[in-house]
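Heads up: the structure comes next, in structure tokens.
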Amino acid sequence: MKLQLRTTLLFTLLVASLTGTAVPVTAKNIHQKQILVVHSYHKSQAEHVTEMDKGIHEVLPADEYAIHSYYMDTKRHTKESWKLKTGEKAKELVRQLRPDVVLAMDDNAQKYFAKEYVDKPGPPWFVFSGVNKEPEEYGYPAENVTGVLERPNIQESIELLLKIKPDIKRILIMADKSATTDPTINYSKSLSLPVTVVAYRQPLTLQEWQETLEQYHNQVDAIGLYVLRTITRSKTDSTKVSEQELIDIINKSYHLPTVGFFDSAATSGVLCAISVSMHEQGVAAATIAKRILEGKRPAEIPVRPTDQGRIQLNLRTAEQLGIQIPYSIIKRAEVVIR
């Protein structure tokens with residue numbers, strides 16, 4: 001008995017040293033089904049990781065399942081060496097935990113971790129979620145892998161903008177440059193949108209952001225925005241510029257309506273958005289995991305996107321721009337910044 005407890009304690013310390021956030025393996029939960037959740041980003045990313053986690057824990061409560069979480073933190077740390085290293089740490093957790101199911105959240109968790117397990121006999125079985133790229137790029141689906149796609153509500157968001165400002169005809173779409181945004185730009189180009197997209201631009205630095213706005217602000221009626229988390233101060237200063245600062249430049253200097261396709265759009269100052277529900281992404285992934293734990297094989301569960309969205313409005317931005325948002329839209333919104 002002492003040996004078993006000592007082994008468990010050493011195992012707990014190993015997990016904690018690797019993740020800093022994993023649920024400890026204890027005498028209470030060691031006989032529960034073991035689930036490892038590997039997030040691409042940091043746990044502090046509100047409206048995204050936190051919402052995913054809420055959805056996961058709603059379906060897989062802690063009193064029934066032992067859930068261990070690891071956060072690769074690849075949005076704040078963008079160097080390739082970091083991504084490779086943190087992917088290896090996730091693999092080490094799989095070796096040590098021997099989970100029944102692994103949930104891999106967002107694209108970097110696939111690229112630097114989960115895709116290495118394609119068609120390897122389970123358990124663990126793998127469920128992905130929040131994936132923007134085509135799943136075939138990672139070898140999905142496979143005998144041991146299925147999951148949930150994230151497809152941004154670009155068309156729906158622009159249609160919402162047109163309900164607020166019907167006279168908009170031409171827009172500029174801007175995003176940062178990352179594994180998340182590249183496939184979204186390609187996806188947007190495949191759509192038949194109700195406005196003309198004058199250009200797609202992905203600035204790398206604050207100066208490029210400002211130059212792009214100066215180049216196009218007289219050619220467009222509005223700006224569409226996706227994720228803006230990797231834009232740096234300059235080519236020599238790798239400090240990330242906040243979404244709020246970038247969007248504030250548009251609101252104060254150019255007074256153009258903005259429409260977002262991402263989870264923190266309204267809180268960052270964007271006028272309106274319909275974002276993918278990351279809570280729903282978490283619920284959907286956990287629901288698949290639960291079905292697998294009940295005996296369903298991953299290959300028997302089709303890959304599909306979630307279909308709900310969250311209407312977001314920023315009434316402060318609307319007031320700043322002199323725009324009146326109809327109350328019929330406000331009362332339907334899940335996120336309203338006043």
Next on the checklist: If I take every Cα pair under 8 Å that is 6 or more residues apart in the chain, average their sequence separation and divide by the length, what percent do I get for the relative contact order?
Outcome noted: 18
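Quick one: dipole size for the chain, taken about the Cα centre, charges +1 on Lys/Arg Cβ and -1 on Asp/Glu Cβ, in debye to the nearest 20.
For this selection, approximately 660 debye.
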Checklist entry - Relative to the longest principal Cα axis of the chain, at what angle does helix 206-216 sit, 0 to 90 degrees, rounded to 10? => result 40
Item to check | Residues His68, His77, His48, His57, sorted so that the one with the fewest Cβ neighbours within 10 Å comes first | outcome: His77, His57, His68, His48
Checklist outcome for this item: Projected onto the charge dipole of the chain (unit charges on the beta-carbon of Lys, Arg, Asp and Glu, signs +1, +1, -1, -1), the Cα from Tyr200, Leu225, Gln45 with the largest positive-side position is that of Gln45
Next on the checklist: How much of the DSSP bridge set in the stretch 174-333 is antiparallel, in percent, rounded to the nearest 5?
Outcome noted: 45
Checklist entry - Percent relative contact order of the stretch 285-338, based on C-alpha pairs within less than 8 angstrom and at least six residues apart? => result 36
Checklist entry - If each of Lys79 and Gln210 carries a label point 7 Å out from its Cα toward its Cβ, how far apart are those two points in nm? => result 2.8
Item to check | 0 to 90° range, to nearest 10: angle between helix 154-164 axis and the chain longest Cα axis | outcome: 40
Item to check | 3J(HN,Hα) from dihedral phi, the stretch 319-334, Karplus parametrisation 6.51/-1.76/1.60, rounded to Hz, x for glycine, proline | outcome: 5, 4, 8, x, 10, 9, 8, x, 4, 4, 7, 4, 6, 8, 6, 7
Item to check | Relative pair counts by distance (%), Cα atoms of the stretch 128-268, 10 Å bins | outcome: 11, 40, 33, 13, 3, 0
Next on the checklist: If you fit an axis through the alpha-carbon atoms of helix 80-97 and take the longest principal axis of the Cα set of the chain, what angle between them do you get, 0 to 90°, nearest 10?
Outcome noted: 30
Checklist outcome for this item: Of the listed links Lys163/Lys189; Lys111/Lys240; Lys235/Lys331; Lys115/Lys252, those spanning more than 32 angstrom between alpha carbons are Lys235/Lys331; Lys115/Lys252
Next on the checklist: Can you give the Rg/Rh ratio of the stretch 239-338, where Rg is from the C-alpha atoms and Rh is the Kirkwood radius?
Outcome noted: 1.16
Item to check | Derived scalar couplings ³J(HN,Hα) [the stretch 133-147; Karplus, 6.51 cos²θ - 1.76 cosθ + 1.60; whole Hz; x for Gly, Pro] | outcome: 6, 5, x, 4, 5, 9, x, 9, x, 9, 4, 10, 9, 8, x
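Please give the net charge around Val197, taking every other residue with its beta carbon less than 12 angstrom from that of Val197, where Lys and Arg add +1 and Asp and Glu add -1.
In short, +3.
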Next on the checklist: When only alpha-carbon atoms are used, what values of Rg and Dmax, in angstrom, describe the stretch 177-330?
Outcome noted: 18.3, 58
Checklist outcome for this item: The extension gain from Ser328 to Ile249, computed as 0.36 nm times the residue separation minus the Cα-Cα distance, is 25.5 nm
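Restricting to DSSP H runs of at least four residues, report the calculated mean residue ellipticity at 222 nm for the chain, -39500 (n - 2.57) per run over all residues, nearest 500 deg cm²/dmol.
Numbers: 11 runs with 117 residues, N = 338.
-10500 deg cm²/dmol, from helical runs alone.
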Checklist outcome for this item: Of the candidates His68, Leu149, Gly122, the farthest towards the positive dipole end of the stretch 65-150 (Lys/Arg Cβ +1, Asp/Glu Cβ -1, centred on the Cα centre) is His68
Checklist entry - Taking the chain as a Gaussian network, Cα atoms linked when under 10 Å apart, which of Lys54, Lys252, Lys111 shows the biggest mean-square fluctuation? => result Lys252
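Across all directions of projection, what mean area in square nanometres is found for the Cα convex hull of the stretch 84-150?
Details: hull surface 15.3 nm².
Computed as one quarter of the Cα hull surface, the answer is 3.8 nm².
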Checklist entry - For Rg and Dmax of the Cα atoms in Å, the choices are (i) 21.0, 69; (ii) 21.3, 75; (iii) 23.4, 74; which was calculated from the structure? => result (ii)
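Where a number appears in this text, it was derived from the coordinates with a stated rule and is not lab data. Computed from a predicted model, the values in this text were never measured in an experiment. Glycine also receives a Cβ, built like all others from the backbone with ideal geometry; neighbour counts cover every protein chain displayed.
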